[in-house]
Amino acid sequence: MAKFSANTPRRVAVIGAGWAGCAAAVELARHGISVSLIEASRNLGGRARGVSVNGLELDNGQHILLGAYSSCLQLMRKLDIDTGTALLKLPLQMVYPDNEDGMRFIAPRLPAPLHLLFALWTAKGLQRGDKMALARFSTTARWMGWQLHQDCSVSELLERFEQTPRLCRLMWHPLCIAALNTPPERASAQVFLNVLRDSLGARRAASDMLLPRTDLSAILPARAAAFVTQHGGQTLLASAVSSLHHTENGQWQLNTRQNASVDTAPPLYDGVIIATDVATAERLLQTLASPPPSLPDYSYEAITTCYLQYAATVRLRRAMLALLDDAGQKKWGQYVFDRGQLHQDQAGLLAVVISASNQACELAQEELAKDVASQLAESLQMPELAKPLWHKCISEKRATFSCTPGLVRPENRTDLPGLYLAGDYTKGDYPATLEGAVRSGIAASQCVLAGFKQTSK
Ligand SMILES: Cc1cc2nc3c(=O)[nH]c(=O)nc-3n(C[C@H](O)[C@H](O)[C@H](O)COP(=O)(O)OP(=O)(O)OC[C@H]3O[C@@H](n4cnc5c(N)ncnc54)[C@H](O)[C@@H]3O)c2cc1C
């Protein structure tokens, strides 16, 4: 890497303005680095971004954050985002519609672990055996320090902890799919335990569920880009980086499709963070004269969100309800969100989420929306829900990597000086989530800063 004096202004390129890239860019800008945040698409936010549908500002997929997402929440505070306004805070809950054979579990605002004990004591729809099994899970996991000697699938873990079929069906399976976007039979028990440790196993506020009230691009990436500009950097949209070049004096040159057509030489950077999806990261690394070792081959899980608009008078009992899914009966939906309770302009709009939706997203939009509307009408006993005014189903086929047992994920550092990786797929405790992405972005920026410190000695 090039040598710097303490007052040399440093330039760093962050490729990709998803939540990982935005976190990295803000952290670097805060430390006086001149940052270029370079994004291929015309929008900020990557897989967590706002989209306009029928004049409404929605998201590419309904997202949930947890109180345990400490890095996301800290980053928001650094950007002066009022989390109380931006996010609807709900206590930990798993509530099914009244007439379904489901359960009702709501943690009250009591100090931990009383909130869980009280929720368990008052839970409806669970038998004594189910409650005992849930208590056993919690005490055994705590006793083990939430750590397994060897990773296994979530299904195996639930069997080992003697969880009842009803508890698995109503609580563990939906929680696993929501947290890891991977079905329990293929999902990593260790990563599941990590999420439970930081939410159920921590202080009460960590188990809160946080629903974004405004669109995901506006909530954080737009503020991050503005912060970068205010701190002397720049954000370039519609600028896909096509290759990287490591110069003889240890700096970095990036080629974008835009600068390929211009005569001027591409700018030089003292460091680069590749914060794209893993497939693009691998492609960019392969453009180097001496590429580092290949990144692991990931498999992916889809997520589908069906937005269904009804009359503005339609309102659910809660902002969020769990649904009993059953692919065999074309009941695809796992959770329904009443967007009218999140945003005043969205009265009557319901968002139904289908995680690990590889099967459902093969259906035509029309057919899927019809299935989902019928499921809502039946589950909520509201026949009017069978016929929405309009609908829009958005499927992200590569929403997240499959979070399987023992998956080896790459470090932020590469073998090349000044070149780092960030993204929800890099090494860390968390599955592919906003928190995983933000933590990775911050870790990558800390590597850059540590590298600069070393070279200026
Ligand atoms: C539908 C859906 C629902 C989800 N629900 C939840 C949830 O409820 N809770 C939760 O925590 N997480 C959820 N996730 C996961 C979460 O959105 C992701 O983990 C997170 O957004 C990943 O961020 P990232 O920055 O690592 O990657 P990305 O968001 O993929 O960012 C990569 C960026 O790089 C850009 N890029 C790619 N190639 C180039 C190039 N050549 N040059 C420049 N830029 C490039 C892309 O356009 C993109 O903006 C969900 C994801 C989806 C898709």
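The values are calculated or read from the model by the stated rules, or taken from the named source; none is laboratory data. Here the structure is a predicted model, which means the values were calculated and not measured. Positions of Cβ are generated from backbone atoms using ideal geometry, with glycine treated the same way; all protein chains shown enter the neighbour counts.
Every test in (1) surrounded by fewer than 17 Cβ atoms within 10 Å (Cβ to Cβ); (2) away from the ligand (no atom under 11 Å from the Cβ); (3) farther than 26 Å from residue 453 by Cβ is passed by residue 427 save one, and that test is (3).
The selection criterion, being closer than 21 Å to residue 37 by Cβ, away from the ligand (no atom under 13 Å from the Cβ) and in the same structural domain as residue 272 (by TED's automatic domain parsing), holds for residue 418. Within region 315-343, being part of a strand (DSSP E or B) and touching a strand residue (DSSP E or B) at 6+ places or on another chain (Cβ under 8 Å) holds for 320, 321, 322, 335, 336, 337, 338. In region 390-402, the count of residues that are aliphatic (A, V, I, L, M) and near the ligand (Cβ under 9 Å from one of its atoms) is one or more. Of the residues making up region 270-298, those that are more than 13 Å from the ligand (Cβ to nearest atom) and crowded, with 23+ Cβ neighbours inside 10 Å are 270, 271.
Residue-by-condition table, conditions (1) within 12 Å of residue 17 (Cβ to Cβ); (2) basic (Lys, Arg); (3) free of Cβ contacts under 8 Å to residues at least 60 places away in the same chain; (4) in a helix (DSSP H, G or I):
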position	(1), (2), (3), (4)
214	no, no, no, no
217	yes, no, no, yes
225	yes, no, no, yes
229	no, no, yes, yes
232	no, no, no, no
238	yes, no, no, no
243	no, no, yes, no
248	no, no, yes, no
254	no, no, no, no
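Table: residues versus (1) within 22 Å of the chain's Cα centre (by Cα); (2) over 22 Å from residue 320 (Cβ atoms).
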{"position": "378", "(1), (2)": "no, no"}
{"position": "388", "(1), (2)": "no, no"}
{"position": "398", "(1), (2)": "yes, yes"}
{"position": "404", "(1), (2)": "yes, yes"}
{"position": "407", "(1), (2)": "yes, yes"}
{"position": "416", "(1), (2)": "no, yes"}
{"position": "421", "(1), (2)": "yes, yes"}
{"position": "428", "(1), (2)": "yes, yes"}
{"position": "438", "(1), (2)": "yes, yes"}
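Checking each residue in region 24-58 for being within 8 Å of the ligand (Cβ to nearest atom) and outside any loop (DSSP other than H, G, I, E, B) picks out 38, 45. Could you say whether any residue in region 299-306 is more than 27 Å from the chain's Cα centre (by Cα), buried (at least 16 other Cβ atoms within 10 Å of the Cβ) and touching a residue at least 40 places away in the same chain (Cβ under 8 Å)? Within region 299-306, none of the residues are more than 27 Å from the chain's Cα centre (by Cα), buried (at least 16 other Cβ atoms within 10 Å of the Cβ) and touching a residue at least 40 places away in the same chain (Cβ under 8 Å). Filtered by the rule that a residue be of a type in the set (Phe, Trp, Tyr), more than 14 Å from residue 168 (Cβ to Cβ) and touching a residue at least 24 places away in the same chain (Cβ under 8 Å), region 106-153 gives a lone residue, 146. Against the criterion of being within 30 Å of residue 55 (Cβ to Cβ), at pLDDT 95 or above and among the basic types (Lys, Arg), residue 283 does not qualify. Is it the case that some residue within region 352-366 is under 22 Å from residue 177 (Cβ atoms), in contact (Cβ under 8 Å) with a residue 24 or more places away in the chain, away from the ligand (no atom under 16 Å from the Cβ) and surrounded by 14 or more Cβ atoms within 10 Å (Cβ to Cβ)? No. In region 395-409, the residues that are in a strand (DSSP E or B) form Cβ pairs under 6 Å with partners that are polar (S, T, N, Q) and within 8 Å of the ligand (Cβ to nearest atom), at six or more places apart or across chains, as follows: 395/304; 400/181.
Restricting attention to region 140-171, which residues are surrounded by fewer than 12 Cβ atoms within 10 Å (Cβ to Cβ) and in a helix (DSSP H, G or I)? Within region 140-171, 143, 165 meet the criteria.
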